[in-house]
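**Student:** Starting off with a structure, shown below.
The values are calculated or read from the model by the stated rules, or taken from the named source; none is laboratory data. This one's a predicted model, so the numbers in the text were calculated from it and none came from an experiment. Cβ placement follows ideal geometry from the backbone for every residue including glycine, while neighbour counts extend to all protein chains displayed.
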Amino acid sequence: MVLQNTTFVISEKVEKEFFHWLRTAFISAAKVSGVYEEGHKFMLILTPPEPGTKNFAFQLKSDNLDNAEQWICAGDGAKLLREITHRLDGQMAHFTTFMAELDI
């Protein structure tokens, strides 16, 4: 199982527009992609952000790292991230990490 975590840093000025995009475009596209399991997590990061910003983590689960990387790095996910980054014009940054759960 692979956990895909995309961290977003957004200006509070564009929070409503960002949430609308996340609900109507990004989550919808991830659901129909066939890459991810049902369900996702969206969390506010409590570490103090820069003044005027908020930090969020959006997580999806996949059973195939190659497919998840393709979707978020070169496929529809990448396209959607480019579009919102351009539209919000410097008021949002993001990065994605992939994680695997380990037994210790």
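**Student:** Restricting the search to region 21-44, which residues are among the aliphatic types (A, V, I, L, M) and within 13 Å of the chain's Cα centre (by Cα)? First the steps, then the outcome.
**Tutor:** Residues of region 21-44 among the aliphatic types (A, V, I, L, M): 22, 25, 27, 29-30, 32, 35, 43-44.
Answer for region 21-44, where residues must be among the aliphatic types (A, V, I, L, M) and within 13 Å of the chain's Cα centre (by Cα): Leu22, Ala25, Ile27, Ala29, Ala30, Met43, Leu44.
**Student:** Using the structure shown, decide if Trp71 is under 30 Å from Asp103 (Cβ atoms), surrounded by 14 or more Cβ atoms within 10 Å (Cβ to Cβ) and either in contact (Cβ under 8 Å) with a residue 12 or more places away in the chain or of a type in the set (D, E, K, R) (or both).
**Tutor:** Numbers: under 30 Å from Asp103 (Cβ atoms): yes; surrounded by 14 or more Cβ atoms within 10 Å (Cβ to Cβ): yes; either in contact (Cβ under 8 Å) with a residue 12 or more places away in the chain or of a type in the set (D, E, K, R) (or both): yes.
So Trp71 fits the description; yes.
**Student:** Another question, then. Return the pairs, sorted by first residue and then second, in which the second residue is among the polar types (S, T, N, Q), the first residue lies in region 42-64 and is within 21 Å of Glu101 (Cα to Cα), the beta carbons are less than 7 Å apart, and the residues are 6+ apart or on different chains.
**Tutor:** Ile45/Asn55; Ala57/Asn5; Ala57/Thr7; Phe58/Thr6; Gln59/Gln4; Gln59/Asn5; Leu60/Gln4; Ser62/Gln4
**Student:** Against the definition (closer than 18 Å to Met1 by Cβ and surrounded by fewer than 10 Cβ atoms within 10 Å (Cβ to Cβ)), how does Leu65 come out, yes or no? Break it down stepwise before answering.
**Tutor:** On the way: closer than 18 Å to Met1 by Cβ: yes; surrounded by fewer than 10 Cβ atoms within 10 Å (Cβ to Cβ): no.
The answer is no for Leu65.
**Student:** Continuing with this model, one more query. Whether any residue in region 1-9 is closer than 27 Å to Asp103 by Cα, more than 15 Å from the chain's Cα centre (by Cα) and either acidic (Asp, Glu) or outside any helix (DSSP H, G or I) (or both) is what I want to check.
**Tutor:** Start the filter on region 1-9 by keeping residues that are closer than 27 Å to Asp103 by Cα, which leaves 1-7.
Restricting the remaining residues to those that are more than 15 Å from the chain's Cα centre (by Cα) gives 1.
Imposing the further condition that a residue be either acidic (Asp, Glu) or outside any helix (DSSP H, G or I) (or both) reduces the set to 1.
Yes, there is a match, as at least one residue in region 1-9 is closer than 27 Å to Asp103 by Cα, more than 15 Å from the chain's Cα centre (by Cα) and either acidic (Asp, Glu) or outside any helix (DSSP H, G or I) (or both).
**Student:** Considering only residues that are touching a strand residue (DSSP E or B) at 6+ places or on another chain (Cβ under 9 Å), in a helix (DSSP H, G or I) and without any contact (Cβ under 8 Å) to a residue 40 or more places away in the chain, which ones fall in region 20-41?
**Tutor:** Result: Leu22, Ile27.
**Student:** Could you tell me whether Leu60 is assigned to a loop (DSSP other than H, G, I, E, B), closer than 13 Å to Leu3 by Cβ and not small (Gly, Ala, Ser)? Let's see the steps before the verdict.
**Tutor:** Numbers: assigned to a loop (DSSP other than H, G, I, E, B): no; closer than 13 Å to Leu3 by Cβ: yes; not small (Gly, Ala, Ser): yes.
So Leu60 does not fit the description; no.
**Student:** In region 18-38, is there at least one residue being β-branched (Val, Ile, Thr), modelled with pLDDT of 95 or more, out of contact with any Lys or Arg (no Cβ under 8 Å at 6 or more places or on another chain) and surrounded by fewer than 15 Cβ atoms within 10 Å (Cβ to Cβ)?
**Tutor:** So in region 18-38, the residues β-branched (Val, Ile, Thr) come out as 24, 27, 32, 35.
Subset that is modelled with pLDDT of 95 or more: 24, 27, 32, 35.
Checking the rest, the ones that are also out of contact with any Lys or Arg (no Cβ under 8 Å at 6 or more places or on another chain) come to 24, 27, 32, 35.
Retained after the next criterion (residues that are surrounded by fewer than 15 Cβ atoms within 10 Å (Cβ to Cβ)): 24, 32.
Within region 18-38 (the criterion being β-branched (Val, Ile, Thr), modelled with pLDDT of 95 or more, out of contact with any Lys or Arg (no Cβ under 8 Å at 6 or more places or on another chain) and surrounded by fewer than 15 Cβ atoms within 10 Å (Cβ to Cβ)), the answer is yes, since at least one residue qualifies.
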